């Protein structure tokens, strides 16, 4: 199911000309609508857990939670902290259907991922967007993770497979829950669709924000139990640990 919202605002079309930066309205030197100054000032994620990308004080470390309970996914690959202006761009894309902001985030994320792939990050066989429940999809009109996955698939020349995973329970909004409640909230929330091509494949989950990792863990466990060779997580932003 692909429901697209009616969008009556200006539509961003990527052309081979100079764009205007969506953040400061100054001319952008590249084809993407962001200037080099604003791109540099984005909240780039620095030292982080080598598994879940939780911000840490030093590089090359694994956080305590991943040491105590290694997740089903292999690695989270994410460029930014969930902070201004990335948080505002995600909110306006996700909740206000401002597609140009989502396209911008996907463009820069695609460049970041391509750089990581060129440096040796294993290339996945396909991109799998985190699914939405049907009720929430009807309310919002679109799945932001699916849109990100489609744009990333084009820029990275990878297939976007939207029919592998389904969300079968319309659970409470994750942002309103703590870590333990998120895990309980996701029990039996997802399913692997019949005949989905999973066994022996390297798959990458696509989402906008990683907070506790409960959603990514539930989906990665489902895929690994079905015979996936490896599951990674690609997302736009990572939240720090609460209270830091």
With the requirement that a residue be farther than 20 Å from residue 188 by Cβ and assigned to a strand (DSSP E or B), what does the range 212-239 give you?
230, 232, 233, 234, 235, 236, 237, 238
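State yes or no: is residue 117 surrounded by 14 or more Cβ atoms within 10 Å (Cβ to Cβ) and under 27 Å from residue 157 (Cβ atoms)?
Details: surrounded by 14 or more Cβ atoms within 10 Å (Cβ to Cβ): yes; under 27 Å from residue 157 (Cβ atoms): yes.
It is true that residue 117 is surrounded by 14 or more Cβ atoms within 10 Å (Cβ to Cβ) and under 27 Å from residue 157 (Cβ atoms).
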Those residues of the range 39-79 which are in contact with a helix residue (DSSP H, G or I) (Cβ under 8 Å, 6 or more places away or on another chain) and over 30 Å from residue 225 (Cα atoms) amount to 39, 42, 43
Residue hits (the range 117-128; in contact with a helix residue (DSSP H, G or I) (Cβ under 8 Å, 6 or more places away or on another chain) and assigned to a helix (DSSP H, G or I)) are 117
Do we find a residue being part of a helix (DSSP H, G or I) and either at pLDDT 95 or above or surrounded by 19 or more Cβ atoms within 10 Å (Cβ to Cβ) (or both) anywhere in the range 182-197?
yes
Filtered residues of the range 140-180 (kept if in a helix (DSSP H, G or I), touching a strand residue (DSSP E or B) at 6+ places or on another chain (Cβ under 9 Å) and at pLDDT below 95)
175
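Evaluate the following for residue 136: is it surrounded by fewer than 21 Cβ atoms within 10 Å (Cβ to Cβ), out of contact with any helix residue (DSSP H, G or I) (no Cβ under 8 Å at 6 or more places or on another chain), at pLDDT below 95 and in a helix (DSSP H, G or I)? Even if it seems obvious, please write down each step before you answer.
Working: surrounded by fewer than 21 Cβ atoms within 10 Å (Cβ to Cβ): yes; out of contact with any helix residue (DSSP H, G or I) (no Cβ under 8 Å at 6 or more places or on another chain): yes; at pLDDT below 95: yes; in a helix (DSSP H, G or I): yes.
Considered against the rule, which asks whether it is surrounded by fewer than 21 Cβ atoms within 10 Å (Cβ to Cβ), out of contact with any helix residue (DSSP H, G or I) (no Cβ under 8 Å at 6 or more places or on another chain), at pLDDT below 95 and in a helix (DSSP H, G or I), residue 136 comes out as yes.
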Taking the residues in the range 211-244 that are under 14 Å from residue 83 (Cβ atoms) and in contact with a helix residue (DSSP H, G or I) (Cβ under 8 Å, 6 or more places away or on another chain) as candidates, determine which candidate is surrounded by the most Cβ atoms within 10 Å (Cβ to Cβ).
236
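The values are calculated or read from the model by the stated rules, or taken from the named source; none is laboratory data. Fair warning: this is a prediction, and the values are worked out from it, not measured in the lab. When we count neighbours, we look across all protein chains shown, and the Cβ atoms used for this are built from the backbone with ideal geometry, even at glycine.
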